[in-house]
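One structure is given here, and the rest of the page talks about it.
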Amino acid sequence: MEHSSKIWKLFFGSGSVTLFNTLRAFVINKLLAVFLPPAAFACVGQFMNWMSIGQATSTLAMQNGWVSLTAQNKDNLKNLHGIWRGGFRLTTFASLFTCFAAAVFCFVAPLEKMLPGIHPRLAQAAILFALPGIIATNMVTICSAVMNGLGLVRRWAAIQIVASLFQMLWVAFFLYTGRLSVLSIIATQSVVAGIFAARIAARAGFSLSAFRQSVLDTRGPWMSYAIMGLVPMIVAPLVLMFVRSLVGAELGWNAAGIWQGVYKISDFFASIFSAILGVLILPRISRDMTRGSFRREFYPIFLRMMGFTLVFCAVLYFGRSLVVAILLSGTYAPAADYMPIQLLGDFFRSGGWCFGMVLIARRETKAFLIIEVGANLLFAVGTFVGIRLFEMNGPMFAYALENFVTLVALAITVGRLKWNTP
């Protein structure tokens, strides 16, 4: 009974913070939807996918590693500082490489074709502004992940909530004043939030001085987390850019903007699932568990998440027109017609997230990558075929199919994992 109560406390605690993050995503998305027509909204989506790739390459997508490795070593300060130092140095090298690659990209890429309707000079400026913005976003992500791993839930919540507040105010201020281009506003929204996150984390012992004092420089355990995070965080934005470009080429860029709106609503789901499950599963699942202890820890969380998601999807289904009007604007009203199939995919996606977190915590790199890459390829191929068969409904059918197949594959893989004892 006490164990169940603790799960619900963590669930609703992390859920409350996640709802605030969702509010931040809603406010930013709403402002963009009000200020921009669908075609420009699609271009902003393209740029945000570029930023996602930059965040992945600059951090090696190790945020789950920061949670798990911190949780596993928090009782041994010497090992913990060595882990932190190794992760910090890997991130530093990766960030330098990302900055160099982005600087080259902004001057050699055909930006006028990749972002139709946006002047190349504005696009180049936004890419350069994105470099400090990406580093600041990484600071928020890493600092909050470490607080999660240490079990300092209040500091984790403070970073998440205040960072979201700063981002909302930043975007709102510059959109209303018009002092920066839309892309540059998106690129720099995390600058102030990154400074705040670093100060909060430093008070808990996660600081540059702690890295320098460590005699250890532990990098080995990071590599599996880097591979498991980096590959999907690069592949997924590339697939989304392919799908968006395909919809734009086949059905027009206004249609691509409508699809972008539908997918943005799913992104709200993704942020809720990943944040809650990152708090509930990653710090609690380790490679040294027995099969029995894993079942006691994992399946109550899984059943609660699926029940919560089912109710949430049902509410959104019956209120989908209102959801579109609130999250987007009247210009995107047709998006409501395509939400039912997308919501089915969201339901399957939540289950896949649960089982995927287990593979990440267990560092089952090969199995995770095969399923993740295969799922993205299935989405791309499914969209290509689906557009020809179902036109605008094609990407939504492909999304639902991808997440159903992924859920089944992950569940089978987790069921076959070997544990220390029965």
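Look through the range 397-416, keep the residues that are part of a helix (DSSP H, G or I) and free of Cβ contacts under 8 Å to residues at least 12 places away in the same chain, and return whichever of them is surrounded by the fewest Cβ atoms within 10 Å (Cβ to Cβ). Don't jump to the end; show me each part of the working.
Looking only at the range 397-416, we keep the residues that are part of a helix (DSSP H, G or I), and these are 397-415.
Okay, now just the ones that are also free of Cβ contacts under 8 Å to residues at least 12 places away in the same chain, so 408, 412, 415.
Values: 408: 15, 412: 12, 415: 8.
It comes out as 415.
Test of understanding: among 109, 102, 187, which residue is among the small types (Gly, Ala, Ser), over 21 Å from the mean Cα position of the chain (by Cα) and more than 30 Å from residue 81 (Cα to Cα)?
After ruling out the rest, the residue left standing is 109.
Here residue 346 meets the list (1) of a type outside the set (Lys, Arg); (2) under 15 Å from residue 316 (Cα atoms); (3) free of Cβ contacts under 8 Å to residues at least 12 places away in the same chain almost entirely, failing just condition (3).
From 54, 65, which residue is closer than 18 Å to residue 224 by Cβ and open to solvent by less than 40 Å² (accessible area, probe 1.4 Å)?
Working: 54 fails: closer than 18 Å to residue 224 by Cβ.
Going through 54, 65 in turn, just one is closer than 18 Å to residue 224 by Cβ and open to solvent by less than 40 Å² (accessible area, probe 1.4 Å): 65.
If only residues of the range 304-335 that are polar (S, T, N, Q) and assigned to a helix (DSSP H, G or I) are counted, the one that is surrounded by the fewest Cβ atoms within 10 Å (Cβ to Cβ) is 321. Filter the range 197-247 for residues that are small (Gly, Ala, Ser) and touching a Gly at 6+ places or on another chain (Cβ under 6 Å) and give the result. Result: 214, single match.
Selection of helices (runs of 4 or more DSSP H) fully inside the range 34-123 by the criterion of at least 1 residues being farther than 28 Å from residue 201 by Cβ returns 38-59, 77-108, 111-114. Screening 382, 374 for residues that are at pLDDT 90 or above, surrounded by fewer than 23 Cβ atoms within 10 Å (Cβ to Cβ) and either on the phi > 0 side of the Ramachandran plot or more than 21 Å from the chain's Cα centre (by Cα) (or both) leaves exactly one candidate, 382. For beta carbons closer than 6 Å, sequence separation of 6+ or different chains, a first residue in the range 116-127 that is at negative phi and a second that is outside any helix (DSSP H, G or I) and polar (S, T, N, Q), the qualifying pairs are 122/181. Screening residue 80 with (1) touching a residue at least 40 places away in the same chain (Cβ under 8 Å); (2) surrounded by 14 or more Cβ atoms within 10 Å (Cβ to Cβ) gives one miss only, at (1).
Residue count for the range 112-135 satisfying the condition of being under 24 Å from the mean Cα position of the chain (by Cα) and open to solvent by less than 40 Å² (accessible area, probe 1.4 Å): 8.
Identify, please: which residue in the range 349-371 is open to solvent by 40 Å² or more (accessible area, probe 1.4 Å) and in a helix (DSSP H, G or I) and is, among those, nearest to residue 255 (Cα to Cα)? So, considering only residues that are open to solvent by 40 Å² or more (accessible area, probe 1.4 Å) and in a helix (DSSP H, G or I), the one nearest to residue 255 (Cα to Cα) is 349.
The values are calculated or read from the model by the stated rules, or taken from the named source; none is laboratory data. All values reported here derive from a predicted model rather than from experimental measurement. Positions of Cβ are generated from backbone atoms using ideal geometry, with glycine treated the same way; all protein chains shown enter the neighbour counts. Areas reflect the complete protein model, heavy atoms only, side chains present, ligands, DNA and RNA absent. Shrake-Rupley method; radii C 1.70, N 1.55, O 1.52, S 1.80 Å.
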